[in-house]
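Asker: Below you'll find the structure I mean.
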Amino acid sequence: MTVTQLSPAPTAESDLDALLLAQKKAALADPMPDHASRIRRLDKLHNAILDNRDRMIAACRADFSNRAAAETEMAEIGPVLEGIAYYRKRLKKFMKPQRRHTPLVAMPARVEVHYQPVGVVGIVVPWNFPFFLGLSPLVGAIAAGNRAMIKTSEYAPASGALMQEMLAEIFAEDEITVVTGGVEVATTFTKLPFDHLVFTGSTQVGKIVMRAAAENLTPVTLELGGKSPAIIHPDYPLDEAASRIGFGKGFNAGQICVSPDYVLCPRDKVDAFAAAFTKAMSRSYPSLRDNDDYTAIITDQQKARLESYLSDAEAKGANVIRINPKDEEFTGTRKMPLTIVLGATDEMLVMQEEIFGPILPILPYDTMDAALAYVHERPRPLALYYFDWDKARGDDILARTHSGGVCINDTVMHVGVDDMPFGGIGPSGMGHYHGEEGFRTFSKAKGVLRKGKINATAFVAPPWGNFMYRQLM
Ligand code: NAD
């Protein structure tokens, strides 16, 4: 295979147009890649990830100024490899046309649904998991037989450059290509007439992207953000809740779209939960500043944003507790301690904005109905976490709440499960990828009616005479 990547990286409007055109042409020339060629593409990606594992860890470390290697392994590398393994096993079945029912009026005929590659998929990536959020949709797009263009985040330049290099080595430019750049490039990119566009990022930019895609009537999958609540039932052991919620808050220093944003805790247990959370986090991160296990904030601006939430909360009377076991200084570093906010109110930025960092407001509730009412009064979240050993009560919460996904008795872990859809609802997103749903998202479900030699349509065509359609029903 000849690899003909443009050099230097294409970013200008005309370059992007040309790239898309080249990909569309190539898709037309090879409209229905067979199972073997899709698997070959997935295998190449799999091998490239294995070959570049250490470089991926180093790139993430550079972008974050400090990112735990284990986090990059667990959140960027492992899930993409798992996703490839998932499609390796099931792709043949997904690709098979499905036989459907033929109504009397259409008989004799065979009715089928064919899953056809849509063509070229555009993928826009945020900075928080710069490999996973580019490669995971790519895996679904490739499995469904598509070509793809990826636009990386300007705030994770080392990861973006490495992904560009890795994919250029294994894919032709008209097959898969990576574009780097900031808002200007992103704006041009999202205006391109892709056959499908996956955008992962903030709700605010998601609206701009959907408007741009609407001009082309390009279907979108929007993977957005929001405030994901964690609700603790009064019977649930607080130490368990603290370590499980703490895992999702400490990982990547809370810079996760599905990080538990705030906790709803029985009123009489708020202080005990805050103490349990402090203990659990001090155990996971006995020091912070020079601790490689604890990830830094991606940029100074993001750190300033998070600190402004804390000063706003303090100024408005909240109790802000920084979990800083070694009493370290944080000036001159992008790290910041995990921080609990007690007494947060709707007037505070910390309850108005998605936190996306290591801050955890703990809010008291008096009854479960009141806790659910609090959730219902707010935009539908990307994730909802509920802590309770009682299955029937868990089922009740599932029935009474809307969210993109749910973990019962844990946080964050559902994102890494391939065999279920991932996606938000309302302001936290639309559409799904991962697993079978991902394959379907990136395929056109084309209805096909195949007639044989017998022209039965002649019996239901004019002149109508005494023909009564209702006799067929
Ligand atoms: P962002 O919305 O600022 O940027 C995301 C991408 O959009 C970047 O590639 C950026 O270059 C591009 N972009 C920026 N402005 C644009 C514009 N005007 N038009 C077109 N594209 C534009 O988000 P971010 O700060 O990189 O990431 C954080 C957000 O992403 C959080 O809200 C988080 O919840 C969300 N997120 C969601 C998921 C999910 O799967 N649902 C995963 C990770 C992050």
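The values are calculated or read from the model by the stated rules, or taken from the named source; none is laboratory data. Note that the coordinates shown come from a computational prediction; the quantities given were computed from them, not determined experimentally. Heads up, the Cβs are rebuilt from the backbone with ideal geometry, glycines too, and the neighbour counts pull from every protein chain shown.
Asker: Got a number for residues in the range 207-238 being surrounded by 14 or more Cβ atoms within 10 Å (Cβ to Cβ), touching a residue at least 40 places away in the same chain (Cβ under 8 Å) and more than 23 Å from the chain's Cα centre (by Cα)?
Answerer: So the answer is 3.
Asker: A further question on this structure: Which of the helices (runs of 4 or more DSSP H) found entirely inside the range 119-225 contain at least 1 residues meeting this: within 13 Å of the ligand (Cβ to nearest atom) and charged (D, E, K, R)?
Answerer: On the way: elements: 132-143, 157-170, 183-190, 203-216.
Once the helices (runs of 4 or more DSSP H) in the range 119-225 are filtered for at least 1 residues that are within 13 Å of the ligand (Cβ to nearest atom) and charged (D, E, K, R), what remains is 183-190, 203-216.
Asker: Answer with yes or no whether G426 is surrounded by fewer than 20 Cβ atoms within 10 Å (Cβ to Cβ) and in contact (Cβ under 8 Å) with a residue 24 or more places away in the chain. Steps first, answer last, please.
Answerer: Details: surrounded by fewer than 20 Cβ atoms within 10 Å (Cβ to Cβ): yes; in contact (Cβ under 8 Å) with a residue 24 or more places away in the chain: yes.
Judged against the criteria, G426 is a match.
Asker: Quick one: is D290 in a loop (DSSP other than H, G, I, E, B) and at pLDDT below 95?
Answerer: Working: in a loop (DSSP other than H, G, I, E, B): yes; at pLDDT below 95: yes.
Yes, satisfied.
Asker: I'd like the residue in the range 254-268 that is over 21 Å from T295 (Cβ atoms) and of a type in the set (D, E, K, R) and, out of all such residues, is surrounded by the most Cβ atoms within 10 Å (Cβ to Cβ).
Answerer: R267
Asker: I'd like to verify a number: residues in the range 66-103 that are exposed (fewer than 14 other Cβ atoms within 10 Å of the Cβ) and assigned to a loop (DSSP other than H, G, I, E, B), how many?
Answerer: 4
Asker: Please verify whether the range 356-368 includes one or more residues that are more than 17 Å from G254 (Cα to Cα), in the same structural domain as C265 (by the TED database) and within 16 Å of the ligand (Cβ to nearest atom). Write out each step before concluding.
Answerer: Within the range 356-368, the subset more than 17 Å from G254 (Cα to Cα) is 363-368.
Now narrow it down to the ones that are in the same structural domain as C265 (by the TED database): 363-368.
Then keep just the ones that are within 16 Å of the ligand (Cβ to nearest atom); that gives none.
Looking for residues that are more than 17 Å from G254 (Cα to Cα), in the same structural domain as C265 (by the TED database) and within 16 Å of the ligand (Cβ to nearest atom), one finds none in the range 356-368, hence no.
Asker: So, one more: Only one of these is outside the structural domain of M351 (by the TED database), closer than 22 Å to Y433 by Cα, of a type in the set (A, V, I, L, M, F, W, C) and in contact (Cβ under 8 Å) with a residue 12 or more places away in the chain: L162, L197. Name it.
Answerer: Working: L162 fails: closer than 22 Å to Y433 by Cα.
Within the list L162, L197, the selection yields L197.
Asker: Right, here's the next one. Residues in the range 15-22: is at least one touching a helix residue (DSSP H, G or I) at 6+ places or on another chain (Cβ under 6 Å) and under 26 Å from L192 (Cβ atoms)? Steps first, answer last, please.
Answerer: To start, the set of residues in the range 15-22 that are touching a helix residue (DSSP H, G or I) at 6+ places or on another chain (Cβ under 6 Å) comprises 16.
From what's left, under 26 Å from L192 (Cβ atoms): 16.
Yes, the range 15-22 contains at least one residue that is touching a helix residue (DSSP H, G or I) at 6+ places or on another chain (Cβ under 6 Å) and under 26 Å from L192 (Cβ atoms).
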